[in-house]
Structure formats: structure tokens, C-alpha cells
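Novice: I am attaching a structure below and will ask some questions about it afterwards.
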Amino acid sequence: MKFYTAKTDAAADRMVVVDDMILTKEMPTAAGSKMLDGYMSLFDAEVVTRLQQAGYAIGGKADVGEFAIDMLGETSYNGTPEADGTLVNASAEILKEGGVTAVVGMDVNGSVRRAAAVNGLVSVKPTYGTVSRYGTIPVACSGETVSVMAKSADECFEVLKAIAGHDDKDGTSLSEEQCAAATAQDAKVCRVAIVKSLTDGVDAQTAEKLAAAKAALSANGVEVCEIEETKLSAARIAWNILMSAELCNNVSRYDGVKYGYRSQNFTNIDELYTNSRTEAFGDLLKTAILFGSDTLSTENYMKVYDKALRMRRVIAEAFDAIFAQYDAVLAPVCAKTAYTTEDVKADRYLSFTENLYTAPASITGLPTVVAGGVQLIGKAFSEGALLAAAKLFEKEGE
Amino acid sequence: MRYETVIGLEVHVELATKSKIFCSCNAKYGAGPNEHVCPACCGMPGMLPVVNKRVVDYGMKAGMMLNCHINRTTTFDKKSYYYPDLPCAYQTTQWFAPVAVNGTVEIETSKGKKSVRIKQIHMEEDAGKLVHDIAEDTTHVDFNRTSVPLIEIVSQPDLSSAEEVEAYLERLKMLLRYAKVAECAMEHGTMRCDVNLSVRPEGSDKLGVRTEMKNMNSIEAIKHAIEYETARHIDAIENGTEVLVQETRRWDDIKGKSFAMRNKETAGDYRYFPDPNVMPVVIDDAWFDSIQASLPELPEEKFARYTEELGLSEYDATQLIKSIALCECFEAAYAVCGNAKDAANWMISEIMSILNKRQMTYDMLSINGTALGELIKLVMDGKVGRANGKKILAAMFEDTTIEPVAYAEANGYVMSNDTGLVEKVVKEVIAAEEKAVADYKGGKEKALMSIFGRCMKELKGNCDPQTLRTILTDTLNKM
């Protein structure tokens, strides 16, 4: 089992690990793909620089699934991390090993949130634009967010404060004031909604975790109400379209010419492109490339892609309506508390259906805190308040 | 049957910004291979595009020069295709909301005036360059040009002849150069042109089959290609020599023929979609107004002002408005010396002729107009002789920091008002030029010129010719 794709012997009081979607000058970054095996970046990601400036040593790189679109890292070219047939996640295992404050990773399709949920850890996916994406491997740029996973809400908050902030090198980076709002804790979560359609299909243990979180919140004076808003469950399909389309475009730069994996089997440039990509990319990624390419075709753009863009707005408006009355949505992160190698063998595209629970926050860029095996999705810049509320039930998942 | 040619142009113009469109690399043409590159313009993962505001300034300015409507919210989109000179395998361009739409360009040909409609102007990044090494049988990629900002100016199919196309391109060049947004030099590749052409019976309102010729880079080639394609289309229609299909063709200037490159069926699907990494650019009133305020006076407006207000001849005005650099130099010189006619003369008979001799374009003029004005004033005021003035001007071409007043003093070009010195020199020259003096005395008026010339030479030109002539003839006549 391989959890680190690269590890330094850095020893420091405060150490973090970044995942393999985050570029580091000193260590290779492969994004879990054979295509980028051994790739050395010429520059550090902004989050790496900020972590170092805040006094953290970068202890290593946690392995990820290929371009981080899978369930828990099972599509890594290093092999599927598992224990007795149960999928394990590299970042979570590193945290459990101890010695690091947090793992900072790229949440593209919910894998960081799922890893935190199935391992009883805490994670925060901050508001889109509050943490720079400069130096992160691009996949689904319109929604992916640098996220923090740790053993506690306090540690997540501490590391989030180190990495949040405006960055001129990222055109989508929000203003310094907005970024500061994301790490303020003056607001408080008082009213929480559980959206019924987002709790459908979960197993008994997950339902228990949800109930435990609800009980912990209620016991501390937070009002929890059950409401219905079916639009949120449509986020999954729209997100799959947007993510695949952007992924298809972003990974098209990996052609075996300038860097990365190059096939030895070619006689002309078209064969070089085709064979390098055929040999280096995995099945899930290839499927996403084909799907994304199709949604962007002239024939399908208005029928598919443009509709998904409109759905993004509809879902954001649905959240706005909920947040007019509630401070957060309490929801499961995945349908089960554990996944097996058999699960992903039986359904290769599991991460494109199980993201039912993570897609609403991915597509809208809303902040999400996972704790006690469940998540709180809040309005923009409320991650400070969400983390404070999560402390009420972060121990429930253990 | 009589036919008419219907032509629409897509003109790519490199914007003259210092840096590239999405990174801070130098955008200037002419460095060694891959010297102006960074991880961003090489398409390395993890770099994010940050829009160079100056590119939007220039895009807007170009739009305003072409009477376009400016989209107050303009967005960038990705266009996907594989080519070794495109490091990300997508080009960031404007597909859904280009910076400028619905403009017009007025042209004039032997058939009179015509208004050409502009469909849109969009901003985009250029691709790199492939360098084929035939001896080595390899191809090298130079990314210096990658992400250099371009605008693409798309016209409606309003042009109908090679002459109109030439007039249109010349007019575009002039307007964009006046606005100082682009060099527009086809020979440097900073202006390139795709020609869309079809042929139909005269009077018909139905368009014929259209072919596109890509990346034309000289006006002569464009004219030649238009004539060739028109003949080919007519021949196909009249004689059925071939079946016309909508396709992209390559113009071979050496063979004087066009060749099919790819047709509609085999054309790639560019899969345009909005670039999520570039936020929509919102042009507020303050920004819009500041660009509008920076627009130059148009050539026609300058012509009218020069002839009506400054009293220049139409010929002089026509010469000056050929280039914004000439106009600016002239206007600055006039502001200092106060004599428009004199300033125009210096511009036309001295400066333009030096530029022509040196095979420099008028836009390459780097003389400081204020300094030129000071020089003209020195000559006008009789402080420096005209011949010495020209010497100073020649020096100013070599060194643009020269200040004429100081330079004239330092190099002994200041006129002497010392009539004593003039009289002394005249006496010395008369003494030395015995033969010429005898000739003059014998009635040969021409001999005076050589004596006069020698005196002026001894005086290093620093004497008012009239003063010298008076003293010289007085002295001779007294002998």
C-alpha cells in the first residue's frame, strides 16, 4: 500500500502533507496518473508557499486517484490502497499515522470530503475563490477547491487560516476582505436544514451518523428542521457534465510531447499523441474525457453543456432560498460508511453517482465542513461558523 | 454571364503590448527561440491565466476606431484543437461575448467610397511557431509567440475586389496605427489575413460556395490569390471544370495557385466553452470613458485641421497624415517653433527623405518633436545656418537625447554676429582667391559664388548669408 508519492525527511513541530494534485518544486507531482509519473514542477503552488510562510514544513505528498475524480483514491497508477478489501484513502491514513497537523488536498469530485467522512476525520472545503488554485493540477476549474483535512475542526481552521487569502496569480481569487470573511468566526450556526432528497439512499449506519449529528446540534440549542428541495439532487448530473467537459479540456495538454509519459510506439505525431494517452490514462479518466468531449461538441453544446451551466444557477438559487431561513444544510457525504474494492469493481463509475451528496457544494462553490461522518454546507464565507458548529459533533464519527 | 466576387476578411493583428495576454512574459517579436516563455505560456499544469488589462484597453480602442459597439461585459472562451505549437491544446479566445461588435470601416477606391461592415473584433492568444529543419528531418517548436495578444477583426462579406480588399487593409492598418494598438506589419507577421471568397451571378442575392484561404501575409499575395480564386470559381461554374466545395485552401505564392487543405466534413470541432479561470471582464463607465478619451484624431480630421487652421497645402497635409508618428512630431515641433509651414517643410523635405533613404517606415521615427521645434526655431531666428541645422538633425537621428541648443553651441554651429570677424575672413579669402577676384572684377558674376562659398566655409557656416553677401560685395566693389 502506498500512501505517499513522495516524502521528505523534514522534521518540524508543525508539519502538513499536501496531496498529489498540488505542485511542489522539491517533490514530484503526478496527480495519481502514469501520464505525469515523476513530473517535477518548476514552481510551488501558492498554498505550499503560504503553508511554509506560516511555519509549516511540507512532509510529503499524499497519493490521489487519477486526477482526483474517483471515490477515495482507488484509481491511482500506484495501485488501489485497500485494507482487507476495504478502500482506504492515502491522506486519511497519513493523518491517522500521526505527526502531521493536516493534509491539504484538492477536492475535485468530493474525494477529500468522502475520505474525511468514512474515516471520522474533519475536513473543510472553503468557499470557492478564498484559497488560491495557483499551482494545483487543473481538472474542473469552475468548482474544484483546495481543501483541508485534519483530526479536528480546530486544526482544520488553523491550517485554513494559513492558506486563505487573495492571490493575484489566480484570476478567480476573491478580494482580501472576502477571503478574511471566510476565516472569521463571528457568525454562528443557529438554524440547520436537512434536505430530504439528499438523505435518500443512505445505509443505516450513515443514517445513524446523521441522527447523531442532529441530536448533538439540537442538544446545543441549534434548531434542526427537515425540508424538501429536490433541485439539489439534480446537481450531480450537471456537475458531472461540467466536470467532465473541463477535465477533457484540461488534460488535453498531456500529449507526451513536452513532459510526462511518452509512448515508445509511434511513427508520426498523431500516433505519439494517441498512443501516449492510450497507454498512460486509466479507464475512469478515459470515460470522463469521452463524455466531456461529447458534451462540448457543436451538436451537444446547447443541449447539454449550456443546460448544465443554467442548472448551476438554478442550484445556487435553491441554496439561496434555503439560506434565507437557515444557516446551513446538514447532509450525508456518501451513502455508505465504507466502500470495498468490490464496490468500485462492480461499478466503475461509482464516483459519478455517489457524488450525489458532494456535487451540490462542488457546483456552487459553497463551503462545506465534514465531521462525524456527515457534512454541513453553508452560505459563502461561513466556513468559520461551520467549523465551530462541527465541533459539536466531530467526535460522533469515531 | 457577369459575375461578382463576394469577399469577407478575418484579419489577425498582434497587439503592441509589452507583455503577453495571460502572463508577464515579453511579447516582443525577435528574441532567440523560447527566450520569452514561462510555465504559463508553455502550458505547464498549475498556471492560471490572469488577463493583461492593457490587452482589453487595446481591444476596446481598436473597436472604437472601427465604430464598433463595445460589449461592457466581455468573456473569454476555450477553443480546443491539437497542434504542436499550441501547448495547452486549447486556445483562449472570445467566442460568446467578444469585446467589440457591429462596426464599420470606410474605404475609398477608384469606384468611390464604400462602407465595410465589421461583424466583430475578438481578443485571443497567438500560438507558437514550428520551425522545420529539413536537413535534420525534425521540427522544433518556438513558444515565444504563444500567448502574444491578438485581435481578430471579422468583416461582413462586403468586399468585392482585390482593390477593395487592399483599400480595406490599408485603412485598418492606418486606424490601428493611429490608435497605437498595433504595428500591423504583414512582413513581420503582426498582421495576417484569412480570405473568405465566393462568386455569384451579378445581381443575385444568393451566396455561392465559399472557400477560405488562411494566413495570407502580403497584400500582393492576397490580390493575386483573389484573382486566381475568382477565376477558378467562375471556371467551375461556367465550364464545370470542378465541383466547388466549402473548404479551407492554402495559397502557394510561388506556384500562383491555391490548394485544398481540408473540407467541411474533415474540419475539427473546436468545442468552445467559457473559460472558468478567466472571470468576465466588466468594462465600467470610467474605464470606457478613459479609453474613449484616449482616441486619436482621425487622419481626415488632421488633414482638415492642417489645411484649414494651420494653412498647410493639401500636398503637405497629405504627406504628414501618412503616419501618426509624423503627425505627432510635426505637431510638437509646430508647438515650439510656431511656424507650421516651416515645420512641415522640415518634416517632408528633411525627415521623410532621411527615413526613405534609410528604408525606415514613417512609424519608426523616433525624433523628439519638441527638440525638432527648437532646432527649427534656431534656424528661423538666424541663430543656426540651415546647412548646420541639417547636420544637427542628422545627429539627432543617431542620438535622440540631443538638445539642439546645447548641441549647436558645443559643436560651434552658432551664428556669429561679429561683423568684424566676417570682414576679417572676407579680406583673407579675397587675398587668397586672386584669380576668382580678378574674374569677378572682369565681369564674371559666377566667380562671386566661389568666393562666397569659401568665406562661408571659413566661417563654418555660422553667418547669415545676407550679411556675408553684403560685406563681401561691398568689400569687392571698394577694391
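Bear in mind these aren't lab numbers, they're just calculated from the coordinates by the rules spelled out. No experiment lies behind these values; they were computed from the predicted model shown. Quick reminder, even Gly has a Cβ in these numbers, built from the backbone with ideal geometry, and neighbours come from all protein chains shown.
Novice: Run the dipole for segment B:297-410 about the Cα centre, Lys and Arg Cβ at +1, Asp and Glu Cβ at -1, nothing else charged, and hand back the magnitude in debye, nearest 20.
Specialist: 480 debye
Novice: So, with +1 on the Cβ of K and R and -1 on the Cβ of D and E, and no other charges, what is the size of the charge dipole of chain A about its Cα centre, to the nearest 20 debye?
Specialist: Dipole size: approximately 340 debye.
Novice: From the Cα trace of segment B:419-478, what convex hull volume per residue do you get, rounded to a whole Å³?
Specialist: Considering the Cα atoms of segment B:419-478, their hull volume per residue is 69 Å³.
Novice: Classify segment B:231-337 from the C-alpha gyration tensor, please: rounded if a/c falls under 1.5, else prolate or oblate depending on whether a/b exceeds b/c.
Specialist: Oblate is the answer for segment B:231-337, as a/c is 1.5 or above yet b/c matches or exceeds a/b.
Novice: Tell me which lysines have Cα within less than 18 Å of B:LYS357's Cα, excluding those fewer than 8 residues away on the same chain?
Specialist: B:LYS322, B:LYS390, B:LYS391
Novice: Just want the ordering: B:THR211, A:THR130, A:THR278, from fewest to most Cβ atoms lying within 10 Å of their own Cβ.
Specialist: Listing B:THR211, A:THR130, A:THR278 from fewest to most nearby Cβ atoms yields A:THR278, B:THR211, A:THR130.
Novice: Still on this structure, please answer the following. Sticking with the crude label model, points 7 Å out along Cα→Cβ, report the distance from B:GLU220 to B:ASP235 in nm, one decimal please.
Specialist: Distance between the two pseudo-spin positions: 2.3 nm.
Novice: Given only helices, namely DSSP H runs of n ≥ 4 each adding -39500 (n - 2.57), what is the per-residue ellipticity at 222 nm of chain B, to the nearest 500 deg cm²/dmol?
Specialist: Helix contribution divided over all residues of chain B: -11500 deg cm²/dmol.
Novice: Determine the equivalent ellipsoid of chain B by diagonalising the alpha-carbon gyration tensor, then write out the semi-axes as square roots of 5 times the eigenvalues, largest first, rounded to whole Å.
Specialist: In descending order the semi-axes read 57, 27, 22 Å.
Novice: Helix B:369-380 versus the longest principal axis of chain B: what is the Cα-based angle in degrees, 0 to 90, to the nearest 10?
Specialist: Result, in degrees: 20.
Novice: Still on this structure: Can you give the Rg to Rh ratio of segment B:37-133, both from alpha-carbon atoms, with Rh computed by the Kirkwood formula?
Specialist: Checking Rg against Rh, the ratio lands at 1.09.
Novice: Here's something else I'd like to know. Give the percent of DSSP beta bridges with both residues in chain A that are antiparallel, rounded to the nearest 5.
Specialist: 65 percent
Novice: Specify whether the C-alpha gyration tensor of segment B:183-275 places it in the rounded, prolate or oblate class, a ≥ b ≥ c being the square roots of the eigenvalues: rounded for a/c under 1.5, otherwise prolate if a/b is larger than b/c and oblate if not.
Specialist: Oblate, because a/c is 1.5 or more while a/b does not exceed b/c.
Novice: Using the Kirkwood formula over every pair of different C-alpha atoms, what hydrodynamic radius in Å results for segment B:331-479?
Specialist: Result for segment B:331-479, one decimal place: 16.9 Å.
Novice: Does segment B:24-75 come out rounded, prolate or oblate, given a ≥ b ≥ c as the square roots of the eigenvalues of its C-alpha gyration tensor, rounded meaning a/c under 1.5 and, failing that, prolate meaning a/b above b/c?
Specialist: Oblate shape, in that a/c is at least 1.5 and b/c is the bigger or equal ratio.
Novice: Along the Cα-to-C-beta direction of B:GLU108, a point sits 7 Å from the Cα; which residues of segment B:134-176 have their amide N less than 20 Å from that point?
Specialist: B:159-176
Novice: Roughly how big is segment B:3-285's charge dipole about its Cα centre, with Cβ charges of +1 (Lys, Arg) and -1 (Asp, Glu), in debye to the nearest 20?
Specialist: 720 debye
Novice: Report the normalised scattering of segment A:58-208 as log10 I(q)/I(0) at q = 0.14, 0.18, 0.21 Å⁻¹, calculated by the Debye formula with identical scatterers on the alpha carbons.
Specialist: Debye curve over Cα of segment A:58-208, log10 I(q)/I(0) at q = 0.14, 0.18, 0.21 Å⁻¹: -0.77, -1.21, -1.44.
Novice: Direction-averaged shadow area of the convex hull around the Cα atoms of segment B:3-285, nm²?
Specialist: Computing the convex hull of the Cα atoms and averaging its projections yields 16.3 nm².
Novice: Could you tell me the center-to-center distance, by alpha carbons, between segment A:278-300 and segment A:368-395 in angstrom?
Specialist: Centre-to-centre distance over Cα atoms comes out at 34 Å.
Novice: Something else about it: Segment B:10-35 to segment A:207-225: how many Å between their Cα centroids?
Specialist: Here the two parts' Cα centres lie 59 Å apart.
Novice: Cut-off is 10 Å between beta-carbons; in what order do A:SER263, A:SER132, B:SER258, A:SER362 appear when sorted fewest neighbours first?
Specialist: Least crowded to most crowded, the residues run A:SER263, B:SER258, A:SER132, A:SER362.
Novice: Once Rh is set to the Kirkwood radius over Cα pairs, what Stokes-Einstein translational diffusion coefficient, in µm²/s, holds for segment B:141-212 at a temperature of 37 °C and a viscosity of 0.692 mPa s?
Specialist: 225 µm²/s
Novice: Please work out the ratio of the alpha-carbon Rg of segment B:297-410 to 2.2 N^0.38 Å and round it to two decimals.
Specialist: 1.00
Novice: For the cross-link pairs A:LYS25/B:LYS79; B:LYS341/B:LYS457; B:LYS173/B:LYS302; B:LYS119/B:LYS180; B:LYS18/B:LYS78; A:LYS125/A:LYS209, which exceed 27 Å when the distance is taken from alpha carbon to alpha carbon?
Specialist: Beyond 27 Å between Cα atoms: A:LYS25/B:LYS79; B:LYS341/B:LYS457.
Novice: May I pose another question? Output the 0 to 90 degree angle, nearest 10, between the alpha-carbon long axis of helix B:447-458 and the longest principal axis computed from the alpha carbons of chain B.
Specialist: 70 degrees
Novice: If the reach is capped at under 18 angstrom between alpha carbons, list the aspartates and glutamates near B:LYS377, excluding any in the same chain fewer than eight residues apart.
Specialist: Those aspartates and glutamates meeting the cut-off are B:GLU328, B:GLU331, B:ASP342, B:GLU350, B:GLU403, B:GLU409, B:ASP464.
Novice: State the dimensionless ratio Rg/Rh of segment A:238-337 (Rg: radius of gyration of Cα atoms; Rh: Kirkwood radius).
Specialist: Result: Rg/Rh = 1.16.
Novice: Rounded to the nearest 0.05, what FRET efficiency is calculated for A:LYS2 and A:CYS225 with R0 set to 30 Å and r the Cβ-Cβ distance?
Specialist: 0.10
Novice: B:MET449: net charge of surrounding residues, Cβ under 13 Å, Lys/Arg +1, Asp/Glu -1, itself excluded?
Specialist: It works out to a net charge of +2.
Novice: Whole Å is fine, so just give me how far the alpha carbon centre of segment B:399-445 lies from that of segment A:46-123.
Specialist: So the separation of the two Cα centres works out to 90 Å.
Novice: So what is the 222 nm mean residue ellipticity for chain A from helices alone, if each DSSP H run of at least 4 adds -39500 (n - 2.57) and you divide by all residues, rounding to the nearest 500 deg cm²/dmol?
Specialist: Helix contribution divided over all residues of chain A: -10500 deg cm²/dmol.
Novice: Binning every alpha carbon pair distance of the protein assembly as shown at 10 Å from zero, what are the percents per bin?
Specialist: 2, 11, 17, 18, 14, 12, 10, 7, 4, 2, 2, 1, 0, 0
Novice: Related question: Counting other C-beta atoms within 10 Å, which of B:LYS223, B:LYS113 has the fewest, and how do the rest follow?
Specialist: Starting with the residue having the fewest Cβ neighbours, the order is B:LYS113, B:LYS223.
Novice: If you line up the long axis of helix B:419-432 against the longest principal axis of chain B, both from Cα atoms, how many degrees apart are they, to the nearest 10?
Specialist: Approximately 80 degrees, to the nearest ten.
Novice: A follow-up question, please. If Rh is defined by the Kirkwood formula over all Cα pairs and Rg also comes from Cα, what ratio Rg/Rh do you get for segment A:1-109?
Specialist: Ratio of gyration radius to Kirkwood radius for segment A:1-109: 0.95.
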